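Notes follow once the structure below has been shown.
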2 protein chains.
Amino acid sequence: MNGNQFVYEINNTDLDNETLMLNESLFHTANGYLGVRANYEEGYPADYDSIHGQYINGYYDTDKIEYGEKLYGFPEEKQTIINVVDTQGIRLSIAGEEFSMFDGKVLSSSQKIDMERGFYQRSVHWISPRGHELEIRIIRMASFTVLPLFLIDYRVKLINFDGDVKFISTHSGSVKNYCNPNDPRVSATAVQHIITQEATFDGDVSVIRAKAAHSELELTSAVKNRLSVPCKTEHTVSGDVLTEELTAQSQTGDELRLLKYTVLCDERRYPTTQESALRILNEVTNTPVQELYDGQRSYLKKFWEKSYVEIDGNEELSVALCYSLYQLLQAVGKDSVSNIAAKGLSGEGYEGHYFWDTEIYMLPFFILTQRETAKSLISYRYALLPAARKQAKLLGHKKGALYPWRTISGGECSGYFPSGSAQYHINGDIAYTVVAYYLMTKDIDFIAEKGAEIVFETARLWQDVGNYMDGSFHINDVTGPDEYTCLINDNYYTNSIAKYNLIWAGKFYRMLNEQNRTEIILKIGLQEEEVAEFQRAADHMYYTYDEKLDINPQDDSFLRKEKWDIAATPKENFPLLLHYHPLYIYRYQVCKQADTVLSHFLLEDEQKYTTIKNSYEYYEQLTTHDSSLSTCIFSIMASKLGMEEKAYDYFCQTSMLDIKNTHHNTKDGIHVASMGGTYMSILYGFAGFRLKESGIWFSPFLPKSWSGYRFQIHYEDSLICVHVTQNFCEFTLKSGTPKELFIYEKAYLLKETLTVKCTGRE
Amino acid sequence: MNGNQFVYEINNTDLDNETLMLNESLFHTANGYLGVRANYEEGYPADYDSIHGQYINGYYDTDKIEYGEKLYGFPEEKQTIINVVDTQGIRLSIAGEEFSMFDGKVLSSSQKIDMERGFYQRSVHWISPRGHELEIRIIRMASFTVLPLFLIDYRVKLINFDGDVKFISTHSGSVKNYCNPNDPRVSATAVQHIITQEATFDGDVSVIRAKAAHSELELTSAVKNRLSVPCKTEHTVSGDVLTEELTAQSQTGDELRLLKYTVLCDERRYPTTQESALRILNEVTNTPVQELYDGQRSYLKKFWEKSYVEIDGNEELSVALCYSLYQLLQAVGKDSVSNIAAKGLSGEGYEGHYFWDTEIYMLPFFILTQRETAKSLISYRYALLPAARKQAKLLGHKKGALYPWRTISGGECSGYFPSGSAQYHINGDIAYTVVAYYLMTKDIDFIAEKGAEIVFETARLWQDVGNYMDGSFHINDVTGPDEYTCLINDNYYTNSIAKYNLIWAGKFYRMLNEQNRTEIILKIGLQEEEVAEFQRAADHMYYTYDEKLDINPQDDSFLRKEKWDIAATPKENFPLLLHYHPLYIYRYQVCKQADTVLSHFLLEDEQKYTTIKNSYEYYEQLTTHDSSLSTCIFSIMASKLGMEEKAYDYFCQTSMLDIKNTHHNTKDGIHVASMGGTYMSILYGFAGFRLKESGIWFSPFLPKSWSGYRFQIHYEDSLICVHVTQNFCEFTLKSGTPKELFIYEKAYLLKETLTVKCTGRE
């Protein structure tokens, strides 16, 4: 592995407000449990905007949803991620002057993420207005081994003066969520969700016991500062803001190091939050800090060993790719109460909700390389089944489960059902992923225990929602992934994923019966006749098809509409949803994102090659890619269809989406699904990987400007390394039993190593 | 005319809360400008619910509309009718005891509306707990000759005691709108919209100058009490509640009479509200009260002379019919800033908004009998054109005007666009009515001045919203009148009314050109080519048609859905919209109200008889009549199709809808459109009246149990009386020039009287 790819760094950052807010997201620190945005410890000038934030995955408040007109079944309240107590604050005062990037002179500065060592580092070389020169280096680490721990390791070196150095370290319960009333993608109202119950010093530990305003879920934060040199300390309690000042007399050449430990324990994981927080804080402060760093490094070593993807020949993309996988790790909740929020733990965009993109865009990475995490994510959905059954009932269904379109703990949080609850495809997406997990692992135990119940209950819903007409099974009035047409009939994507869902309900039913593992079947009262009905619906599933164009229209009326002229639309009018009324958008052939094309990727055997190719070309001209979930799928399908340059171009767009802020909203948080899409563009795109009942398939090509790429997957009991270069594709069995592989549609048996000429899709 | 039909009366009212709230609506007093609910002057017990209300047509506040997710173009704020200052309060204290229906003993009581004299009267014969016996008679009148005047004429007679009689008359600015957060048909939040600026006594006149909280529109209310006997008066000002106590020493046999004059002047009609209110109050208090009563009576005499409809042979229905027409008069705004709210001035349901039902359900009555009022209602729409052009632009259209689905002063107030702003058919409804006004009056001046501009601009919108596909002109993603399927393509109703709109734009264009009255054409830059495009779109308008069933499906996918089993649906689950999620409802063949059937009524020449008949039968089994706009249309069409009993049955349902509270929400206000539907069921239904370019058509039948019915219409320059009995139909030219009539599809010339055998639709 090339060490450089593990460092994402920028130097001499612009200090304009927009850049700062972008970097707050890009350089956030998270470990799947907690996340902290990369706000400057010392703050910005008063007139600067900032999303000053610190979050816990799955720790939420509830809030009433208001409607202009509330109809039956509209959710009464939503859950929302909480901007919890703020422990980022460290002001630095030297000889009476306060350090600020906006005062004095910044000789150099940098921000970087070290993805091998698992931390963020900020370095500044600064001269104060009165000429005091400092070197500052601040490391932030969200520990992967002690999840509630967030550490700031603040070092300052005095270059040219003697004097008092004072650290003013704050711990504040006075925090509001960020809002923007004009952007449907973030919360519309500024609310203080976290309410301090008690804020005190317990010795040199500052403790805030707080509750979420409405959900009343408790959170305790405990903070301890430790300075490397003897100092005078002073504690101040002002309402719910706790301040510790640490002052040390210092001299030129001294390096002072402040370790600020934050431990955050929420009630969903730590029933006695205060006791847990204090205990864990005590443990970590009694552990040498180097041990914590070492633990972090070795955790990441294991992670990269299993999950690496390397590119030879393009350093920028190597870093972007590595950054993507690292962000997936930072974002993913590994307990069954949390999942992956659309923005991970990097911001408040989409209010910390979990959507379908976990399954379709992010789980592939975990299923292929981090099996235990994949299992945990699916277990999260399993735990949601009771809520999903309730949602199905609320929407009038007699049986089955309907997963909420957006949620934290299970309740539907969608405030606009046409592009929310109407997206029934989420049911199929989740079932699809259970099947993928099974195909990759053959873990029938997990299927028997949890997976099959998900697939059965979602299949039941399809059975209930659809109806027969003229011999076909139709699904009416749902919305597909492309939210630029809503409440449509026979959405190709939905129908195809529903069919797969129904078929696999039957397969799992037979499998479990054969193995005499019928607990779930009995528990939910699934009958032979019901399963036969699943099969009948699948067999008669209606697929839109236009003979003349040889494409699958997105829905039954898509082709009847006028085509939107994307080229003639002013650049500033994208994304369309922020500039046109939905009624207007719905009336055109225009797509926010891949929809039919996505189905052609996930379920490629449902259509013949020409239909897939024609559809790709048809939809490509109608797709604005206003969704961050779009370009990766176009990249994968361009790969499949042999359009290598196009595939590469879409891949570059996907991998640079946040780093280059191409969607102009990375300030609200990174787009984690697009990170998953970056991974998929290489695996499913360039390498042509497919996971099928028949086994695993490859069909690699090498992008022209690269000299090679490599990755590893975990298939059944085996670890398989793949290395693609210009001339050959090399498959290595790193561990496990021999495996059959399909390479360029030919079967091979991989025993140790297997080398095949790299031909691409000729 | 039979005098009895002009009195709607109930005796010995139940005092349960539900009945009282119903009667507050049924017996409200209004004159098209102001309306006052029939709350008891002395109030109810403290634990009783009440919609204590007083309103001014078109006087509104604005309020933010909140959304769970706000998309582009969603209205930011709505207008809402204001529950203005309360001047209903008169408490009566006799010898230390307060009169209350809930105390002592009510020997008899009654409430009635006298529709010839134009007032509401409440009578009570009461004995107090201590045995004091009273006869009370209270008249309320909203003057049709002095619109800002609301009079309470309170008489009390002492039967068996001497003592002090004290009237405590209040004038309060402390008023909130009624709310019910769980019913989308009324406001969700209790808001005080009216904010007192000043509350004082000016001599014996109490004056409140108030402003609407957000719109800041001003309103002054001036109240004066005048007792018929010498008395002691006392004034109290407590915040914004002004109280006048009038105490008189009285004896057995005395009858005391308190006249409480309220004058309400709003800023939209009276720029200097306070000056106007005081001036008008001064005028009316200096007019003998009998003169006011006489004026009211003679106003109504003229009204009934032009607008009477009489039934011989069923007194209950006669009264109900009379009640309906009277309510239309009470509800209709006769200045161009106001229109007819869905609930008239009887309550706050639908927030005082004006909808399409003014045009389709209420204007026919005015067009046929009260031409000036019809003109004023259309002028209201004309005044809205700038707002409608703005709305069109907001919804992405390049030209034309799109009328707001619900509004007071022009801004779209719909908080749920799928069954709000998406109802583009309102454009066609308004244009249809302009044409109807023209056909009835041949008033080309009004067309040249205002009417044509409406028809041109709405036609432009159809041209813009539709698109050609496979040779037909399609209108996609709109909602028809039936809100149980939304955002559909080629809604038959919408397409047919759009076609009519487009055709008439061409007709008016040619007409105005021929007459050299092209001001409007030049003003809006309408070109010959554009008009040709209107015609082309009309010629190619797509009509859904199912050959096998020989019906017009409601939209392009209606027949693909399952039929809702109405018979199997529990009674308590109606109206469906309050018990099922819209997604669920949208997925079925089920109608809230007539939709295609309505088009077949309005535009009967667009389809052949069998298609109309088959459609009627098809939709009848799928229609829940959850909308109050439904049964009247089914009645009319049953009449047309010769199903006389069914027609009669639907007519009875329509005419009794409020009186029998069959929709269970008359407490929120009466259903004025259904009142119009009652009228239409007789004219268009039983009498088979049609207004066409070719002239006026009749095709009468007599409902079995009646002995006859009569009415009069104003056609062109002529007043024509129609009398239908079992054997004959008699047409009389009351004034004007001879007219050609089509009776049972045969042409006749009406010179003086014309008698035709009553055959019905054989």
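State whether the residues of segment B:136-144 include one that is surrounded by 20 or more Cβ atoms within 10 Å (Cβ to Cβ) and of a type in the set (S, T, N, Q). Yes, there is a match, as at least one residue in segment B:136-144 is surrounded by 20 or more Cβ atoms within 10 Å (Cβ to Cβ) and of a type in the set (S, T, N, Q).
For segment B:630-723, give me every one of the strands (runs of 3 or more DSSP E) that falls completely inside it and has 2 or more residues that are among the hydrophobic types (A, V, I, L, M, F, W, C).
Details: elements: B:690-692, B:695-698, B:708-715.
The qualifying strands (runs of 3 or more DSSP E) are B:695-698, B:708-715.
All of A:Ala387, A:Ala431, A:Ala374, A:Ala448 fail the test of being in a helix (DSSP H, G or I) and more than 23 Å from the chain's Cα centre (by Cα), apart from A:Ala448.
In the list B:Phe508, B:Phe574, B:Phe558, which residue meets the criterion of being free of Cβ contacts under 8 Å to residues at least 60 places away in the same chain and either farther than 23 Å from B:Asp490 by Cβ or touching a strand residue (DSSP E or B) at 6+ places or on another chain (Cβ under 7 Å) (or both)?
Working: B:Phe508 fails: free of Cβ contacts under 8 Å to residues at least 60 places away in the same chain; B:Phe558 fails: free of Cβ contacts under 8 Å to residues at least 60 places away in the same chain.
Checking each option against the conditions leaves just B:Phe574.
Could you go through segment B:485-492 and let me know if any residue there is assigned to a loop (DSSP other than H, G, I, E, B), within 28 Å of A:Asp556 (Cβ to Cβ), under 22 Å from the mean Cα position of the chain (by Cα) and polar (S, T, N, Q).
So the first thing to find is which residues in segment B:485-492 are assigned to a loop (DSSP other than H, G, I, E, B), and the list is B:485-487, B:489-491.
From what is left, the residues that are within 28 Å of A:Asp556 (Cβ to Cβ) are B:485-487, B:489-491.
If we keep only those that are under 22 Å from the mean Cα position of the chain (by Cα) as well, we get none.
For segment B:485-492, residues assigned to a loop (DSSP other than H, G, I, E, B), within 28 Å of A:Asp556 (Cβ to Cβ), under 22 Å from the mean Cα position of the chain (by Cα) and polar (S, T, N, Q): absent.
Picking from residues in segment B:422-436 that are touching a helix residue (DSSP H, G or I) at 6+ places or on another chain (Cβ under 7 Å) and of a type outside the set (A, V, I, L, M, F, W, C), the one that is farthest from the other protein chains (Cβ to nearest Cβ) is B:Thr433. For segment A:218-249, which residues satisfy the criterion of being surrounded by fewer than 22 Cβ atoms within 10 Å (Cβ to Cβ), more than 27 Å from A:Val156 (Cα to Cα) and touching a residue at least 60 places away in the same chain (Cβ under 8 Å)? The answer is A:Gly239, A:Asp240. Restrict the check to segment B:288-301 and report whether at least one residue is outside any helix (DSSP H, G or I), within 30 Å of B:Ala222 (Cα to Cα) and of a type outside the set (Lys, Arg). Scanning segment B:288-301, I find at least one residue that is outside any helix (DSSP H, G or I), within 30 Å of B:Ala222 (Cα to Cα) and of a type outside the set (Lys, Arg), so the answer is yes. Looking only at residues in segment A:57-75 that are out of contact with any Phe, Trp or Tyr (no Cβ under 7 Å at 6 or more places or on another chain), more than 8 Å from chain B (Cβ to nearest Cβ) and modelled with pLDDT of 95 or more, the one that is farthest from A:Glu216 (Cα to Cα) is A:Gly58. Assuming A:Asn495 fulfils every condition listed in (1) in contact (Cβ under 8 Å) with a residue 60 or more places away in the chain; (2) crowded, with 24+ Cβ neighbours inside 10 Å apart from one, which condition is it? Failing condition for A:Asn495: (1). Could you check A:Arg510 against (1) part of a helix (DSSP H, G or I); (2) within 14 Å of another protein chain (Cβ to nearest Cβ) and say which number it fails? If we test A:Arg510 against (1) part of a helix (DSSP H, G or I); (2) within 14 Å of another protein chain (Cβ to nearest Cβ), just (2) comes out false. Among the residues of segment A:464-494, those that are facing another protein chain (nearest Cβ under 9 Å) and closer than 13 Å to A:Thr596 by Cα comprise A:Thr485, A:Asp490. Which residue pairs have Cβ atoms closer than 8 Å, lie 6 or more positions apart in sequence or on different chains, and pair a first residue in segment B:40-51 that is assigned by TED's automatic domain parsing to the domain that holds B:Phe102 and more than 17 Å from B:Thr13 (Cα to Cα) with a second residue that is of a type in the set (Gly, Ala, Ser) and assigned to a loop (DSSP other than H, G, I, E, B)? As it stands, the answer is B:Ile51/B:Gly347, since those pairs meet every condition given.
In segment A:4-32, how many are among the acidic types (Asp, Glu) and within 16 Å of A:Met115 (Cα to Cα)? Don't jump to the end; show me each part of the working.
Of all residues in segment A:4-32, those among the acidic types (Asp, Glu) come to A:9, A:14, A:16, A:18, A:24.
Checking which are within 16 Å of A:Met115 (Cα to Cα) leaves us with A:9.
The number of residues fulfilling the criteria is 1.
On the stretch given as segment A:516-573, residues that are assigned to a loop (DSSP other than H, G, I, E, B), aromatic (Phe, Trp, Tyr) and more than 14 Å from every other protein chain (Cβ to nearest Cβ) total 2. Scanning segment B:406-421 for residues that are outside any helix (DSSP H, G or I), within 11 Å of another protein chain (Cβ to nearest Cβ) and hydrophobic (A, V, I, L, M, F, W, C) gives a single hit, B:Cys413. Being away from chain B (no Cβ under 14 Å) and not aliphatic (A, V, I, L, M), is that true of even one residue in segment A:384-395? Yes, there is a match, as at least one residue in segment A:384-395 is away from chain B (no Cβ under 14 Å) and not aliphatic (A, V, I, L, M).
Hey, could you check segment A:520-542 for residues that are loosely packed, with under 13 Cβ neighbours inside 10 Å and charged (D, E, K, R) and say which is nearest to A:Asp470 (Cα to Cα)?
A:Asp539
This table checks each residue for (1) of a type outside the set (Lys, Arg); (2) within 30 Å of B:Ala190 (Cα to Cα); (3) within 32 Å of the chain's Cα centre (by Cα).
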{"position": "B:Val84", "(1), (2), (3)": "yes, yes, yes"}
{"position": "B:Ser93", "(1), (2), (3)": "yes, no, no"}
{"position": "B:Met101", "(1), (2), (3)": "yes, yes, yes"}
{"position": "B:Gly104", "(1), (2), (3)": "yes, no, no"}
{"position": "B:Gln111", "(1), (2), (3)": "yes, yes, yes"}
{"position": "B:Met115", "(1), (2), (3)": "yes, no, yes"}
{"position": "B:Tyr120", "(1), (2), (3)": "yes, yes, yes"}
{"position": "B:Gly131", "(1), (2), (3)": "yes, no, no"}
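Return yes or no: is A:Glu457 more than 12 Å from every other protein chain (Cβ to nearest Cβ) and farther than 29 Å from B:Cys486 by Cβ? So A:Glu457 does not fit the description; no.
What are the residues in segment A:139-168 that are within 15 Å of A:Ile94 (Cβ to Cβ) and part of a strand (DSSP E or B), if any?
Taking segment A:139-168 as the starting set, the residues that turn out to be within 15 Å of A:Ile94 (Cβ to Cβ) are A:154-168.
Within segment A:139-168, A:Tyr154, A:Arg155, A:Val156, A:Lys157, A:Leu158, A:Gly163, A:Asp164, A:Val165, A:Lys166, A:Phe167, A:Ile168 qualify.
Taking segment A:64-93 as the range and being surrounded by 21 or more Cβ atoms within 10 Å (Cβ to Cβ) and part of a strand (DSSP E or B) as the test, the residues that pass are A:Lys78, A:Gln79, A:Thr80, A:Ile81, A:Asp86, A:Ile90, A:Leu92.
Quickly run through segment B:20-73 and pick out the residues that are of a type in the set (Val, Ile, Thr) and in contact with a strand residue (DSSP E or B) (Cβ under 7 Å, 6 or more places away or on another chain). Within segment B:20-73, B:Thr29, B:Val36, B:Ile56, B:Thr62, B:Ile65 meet the criteria.
Is it the case that some residue within segment B:18-39 is among the polar types (S, T, N, Q), farther than 30 Å from B:Ser128 by Cα and within 14 Å of chain A (Cβ to nearest Cβ)? Among the residues of segment B:18-39, not one is among the polar types (S, T, N, Q), farther than 30 Å from B:Ser128 by Cα and within 14 Å of chain A (Cβ to nearest Cβ), which makes the answer no.
Look at A:Met101 and say whether it is on the phi < 0 side of the Ramachandran plot and either of a type in the set (Lys, Arg) or touching a helix residue (DSSP H, G or I) at 6+ places or on another chain (Cβ under 6 Å) (or both). So A:Met101 does not fit the description; no.
The condition of being within 14 Å of chain B (Cβ to nearest Cβ) and either part of a loop (DSSP other than H, G, I, E, B) or of a type outside the set (A, V, I, L, M, F, W, C) (or both) holds for only one of A:Val229, A:Val175, A:Val191, that being A:Val191. Considering the conditions (1) free of Cβ contacts under 8 Å to residues at least 24 places away in the same chain; (2) over 23 Å from the mean Cα position of the chain (by Cα), B:His664 is excluded by exactly one of them, (2). Can you tell me which residue within segment A:574-607, out of those that are more than 22 Å from the chain's Cα centre (by Cα), more than 8 Å from chain B (Cβ to nearest Cβ) and charged (D, E, K, R), is farthest from A:His540 (Cα to Cα)? Ranking the qualifying residues of segment A:574-607, first place goes to A:Glu604.
The values are calculated or read from the model by the stated rules, or taken from the named source; none is laboratory data. Every value quoted in this text rests on a predicted model; they were computed, and no experiment measured them. Virtual Cβ from ideal backbone geometry, glycine too; neighbours counted across all protein chains shown.
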